[in-house]
Amino acid sequence: MKALPIIMSASLAIGVCMAEDAPLRVRNAVHGVVCSLPNEPFGYFGWPSITRQDDGTLCVVASGLRQGHVCPWGRTIICKSRDNGKTWTYPKVINNTPLDDRDAGIVNLGGKRLAVTWFTSNTWQIWRNQKNPDGTWKNWVKPQADVFETWTPELLKRELDSWIRVSEDGEYWGEPRRAPVNTPHGFIVLKDGSWLYFGKRWLMEGEGVMWTMRGDTEICAARSTDEGRHWELLGNVPRPEGVLGEQCHEPHVIELNDGSLLGVVRVELPFRTMVTRSNDGGKTWSVMEEVGAHGAPPHLMRHSSGAIVCVYGYRQQPFGQRCMISNDEGKTWKTDIIIREDGPSGDLGYPASVELPDGSILTIYYQYLANQNKASILWTRWNLPTEEEAKFNTETLEQNELEVNRRYFFNDCECRIMASPNYDAKSGKVAMTFSGRGNTPFLSNLDSVDAVDFRRKLLAEGYMIIIPFCGGNSWGSVDATTKALKSLEHLEKDAGFVIPERIPVFGYSMGGLAVLMFAARHPERVSKVVNFFGAIDLADMAKRIDAYAPLIHELYPDEAALKAASPLNYGKTLAQFPIRIYHGAKDQLVPMSYSTRLEAVLKENGGKVDLVVIPEVGHENAIMKYMADDFLKFLK
């Protein structure tokens, strides 16, 4: 499957300032897709790994063409890129045993030679309790049971294990070889050419169809001097007091400059990464230590700068991918650096990285895309933070031939911009919008399906849309409008955009309140105002809607504060701007009376105001389907 090509605009690729106490982020993150088949019955992909061949070809393997996270149909697939990750080949099956093939790793053996690692899983044993009282399988698991009920004890003993296959040319694969340990990203090749496999000891137990891998085995190292035909088991990793064997899984290792080994281990309860070392080639290891990394499983790589980069999945909100970086051979770490934080759920991770020729890092991982029901293999290209540049950052959320959607992080606020890929940062054609309650750094009213045509018309007219992130329940607070003002100032001062002294502003619902309060508090920055069904009477909102009352009263604890937060009390200031009000006739959340009262107050003060009622809609983004042309005419 081919990903969209990268479309960069020099005017939009500008770093910005981020405070020391804000979450540290990688620089210049751009996201893309390796493979995604969310509408296919067997379109789930997970647990990938990546390597870069000597000729620059990127190879990603994963367990793919699956039904879901646990099923009997997993296969090892490979996708390749010959343009540094901009486009990828369609997933090709390179391994398909009778069992579930999971957690693929891939290793460059030099030239065109590759090795792939994986393990097989007994789905029957996992779902054994999903039966009805009469002994039949529950309906949701029956299609899988039709497969794994054909698995005999003899087949399980033959096929269930940790495996390696080698390809001499990167295309055709040799016979499987068993390995005594397993881990998602496979073994590493040491400087002396031998293979070191740092993983979970792979021991089987059970009888008949209950034959499965034990979960309480140790993390240990194994070494092979004949490319996996024979293995020597080395030392186990000691655990600190209170950490059990069944909590430790999926490690990775890197050989340091002095020949010693640095290992990282996934540890459960809580979900984290711990570190261990060996100074004798893996025969003995130090007791695992905490480093403050709140995610797993880990993958290590050496960057050409000398830094050691460890990436891992982050399965607490905000879900995504993170990394930790060491510049002193793993003695100290900067942890939980954000690579991506827009995962819809915690079913994600297993990232792995390679360095590209320009020094940037390409990290691949599995994660759901928004509004999709199957996990995909995705990528992020990013740059290392440096001591001087760690405060500067952007994140490109999406880019295609029609629009660029990018986050900017400043020392005291953050915002997004939407623009066409060829937007001229010096044009000064800018509008700012405030979103309704519940907006996040990734989602605003303009991100809805109903807003696509409206948004793209604005961009086609040459506008850049600024979306300040004011928090999900800001209710037009001073803090919210101050953050919006600071976003304008930073975009001009730090990011190099030309922002006119006065710009048009618009907002929806709670954002309709915010846009009016922004105009009332900072009239010197506003040229025109558009209000979509604004929640302008917070005292009434708190009385009518129980869920909103505590949120509103926390910001505005008394009548005086509520009065100061109502645009109805700023009629004289607001009357100096041309104002358009849009309201859906079927709106049951924000009464039409709010808009008619606002219209009356503005007219009493000599304001130029028009109230446009849309008969077909209520309190919904679909209103943008009906007023796009009128809105653009008003802006002109």
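Highlighted here are the helices (runs of 4 or more DSSP H) found entirely within the stretch 543-588 that include at least 1 residues which are closer than 18 Å to Leu611 by Cα: 571-574.
Filtered by the rule that a residue be more than 33 Å from the chain's Cα centre (by Cα) and either within 28 Å of Leu261 (Cα to Cα) or in a strand (DSSP E or B) (or both), the stretch 196-210 gives Leu203, Met204, Glu205. For the stretch 418-442, the set of residues classified as farther than 20 Å from Met517 by Cβ, surrounded by fewer than 16 Cβ atoms within 10 Å (Cβ to Cβ) and within 20 Å of the chain's Cα centre (by Cα) consists of Thr440 only. Per this entry, Asp336 is not counted among residues that are touching a His at 6+ places or on another chain (Cβ under 9 Å), part of a loop (DSSP other than H, G, I, E, B) and among the charged types (D, E, K, R). Note on the stretch 265-290: residues that are within 16 Å of Glu250 (Cβ to Cβ) and in a strand (DSSP E or B) amount to 8.
Of all residues in the stretch 164-195, those satisfying the criterion of being in a strand (DSSP E or B) and either open to solvent by less than 10 Å² (accessible area, probe 1.4 Å) or in contact with a Gly (Cβ under 7 Å, 6 or more places away or on another chain) (or both) are Ile164, Arg165, Val166, Ser167, Arg177, Val181, Asn182, Trp195. Across the stretch 48-103, the number of residues qualifying as among the small types (Gly, Ala, Ser) and closer than 15 Å to Leu37 by Cα comes to 5.
Yes or no: Thr276 open to solvent by 70 Å² or more (accessible area, probe 1.4 Å) and more than 27 Å from the chain's Cα centre (by Cα)? Can you show your working first?
Values: open to solvent by 70 Å² or more (accessible area, probe 1.4 Å): no; more than 27 Å from the chain's Cα centre (by Cα): yes.
No, not satisfied.
Of all residues in the stretch 25-49, those satisfying the criterion of being of a type in the set (Val, Ile, Thr) and open to solvent by less than 10 Å² (accessible area, probe 1.4 Å) are Val26, Val30, Val34. Pairs meeting the criteria (first residue in the stretch 331-347 and free of Cβ contacts under 8 Å to residues at least 12 places away in the same chain, second residue buried (at least 20 other Cβ atoms within 10 Å of the Cβ) and not β-branched (Val, Ile, Thr), beta carbons under 8 Å, at least 6 apart or on different chains) are Thr332/Ser326. For the residues Ala565, Ala547, Ala560, Ala600, the requirement of being open to solvent by 10 Å² or more (accessible area, probe 1.4 Å), among the hydrophobic types (A, V, I, L, M, F, W, C) and under 40 Å from the mean Cα position of the chain (by Cα) singles out Ala547. The set of residues from the stretch 490-507 being assigned to a strand (DSSP E or B) and among the acidic types (Asp, Glu) is empty.
So, in the stretch 590-607, exactly how many residues are touching a Phe, Trp or Tyr at 6+ places or on another chain (Cβ under 8 Å) and of a type in the set (A, V, I, L, M)? So that I can check it myself, show each step before the final result.
So in the stretch 590-607, the residues touching a Phe, Trp or Tyr at 6+ places or on another chain (Cβ under 8 Å) come out as 590, 594-595, 607.
Next, from what is left, pick out any that are of a type in the set (A, V, I, L, M): 590.
Qualifying residue count for the region: 1.
Filtering Glu604, Glu620 for residues that are under 16 Å from Phe454 (Cβ atoms) and of a type outside the set (A, V, I, L, M, F, W, C) leaves a single hit, Glu620. Here is the figure for the stretch 603-625: residues that are crowded, with 17+ Cβ neighbours inside 10 Å and either part of a loop (DSSP other than H, G, I, E, B) or at positive phi (or both) total 4.
Only one residue in Val141, Val107, Val166 is β-branched (Val, Ile, Thr) and closer than 20 Å to Val209 by Cα. Which one?
Just one listed residue meets the conditions, Val141.
Residues of the stretch 448-482 that are open to solvent by 30 Å² or more (accessible area, probe 1.4 Å) and of a type in the set (S, T, N, Q): Asn473, Thr482.
With respect to the conditions (1) surrounded by fewer than 17 Cβ atoms within 10 Å (Cβ to Cβ); (2) closer than 14 Å to Ser376 by Cα, Val60 falls short on a single one, namely (1). Just need a number here: residues in the stretch 382-397 that are over 13 Å from Asn411 (Cα atoms), modelled with pLDDT of 65 or more and either open to solvent by 20 Å² or more (accessible area, probe 1.4 Å) or assigned to a loop (DSSP other than H, G, I, E, B) (or both). Matching residues across the stretch 382-397 total 5.
For Pro240, only one of the following conditions fails: (1) open to solvent by 40 Å² or more (accessible area, probe 1.4 Å); (2) out of contact with any strand residue (DSSP E or B) (no Cβ under 7 Å at 6 or more places or on another chain); (3) of a type outside the set (Ser, Thr, Tyr); (4) over 26 Å from Ala179 (Cβ atoms). What is its number? The one condition Pro240 does not meet is (1). Can you tell me which residue within the stretch 298-322, out of those that are hydrophobic (A, V, I, L, M, F, W, C) and closer than 10 Å to Pro351 by Cβ, is nearest to the chain's Cα centre (by Cα)? The qualifying residue nearest to the chain's Cα centre (by Cα) is Val311.
Tell me, yes or no, whether the stretch 217-228 has at least one residue that is touching a helix residue (DSSP H, G or I) at 6+ places or on another chain (Cβ under 6 Å), surrounded by fewer than 19 Cβ atoms within 10 Å (Cβ to Cβ), on the phi > 0 side of the Ramachandran plot and touching a residue at least 24 places away in the same chain (Cβ under 8 Å). No; the residues of the stretch 217-228 include none that is touching a helix residue (DSSP H, G or I) at 6+ places or on another chain (Cβ under 6 Å), surrounded by fewer than 19 Cβ atoms within 10 Å (Cβ to Cβ), on the phi > 0 side of the Ramachandran plot and touching a residue at least 24 places away in the same chain (Cβ under 8 Å).
The values are calculated or read from the model by the stated rules, or taken from the named source; none is laboratory data. Model, not experiment: these values are computed from the prediction. We place every Cβ from the backbone using ideal geometry, glycine too, and count neighbours over all the protein chains shown. Note: areas computed on protein heavy atoms with side chains; ligands, DNA, RNA excluded. Shrake-Rupley method; radii C 1.70, N 1.55, O 1.52, S 1.80 Å.
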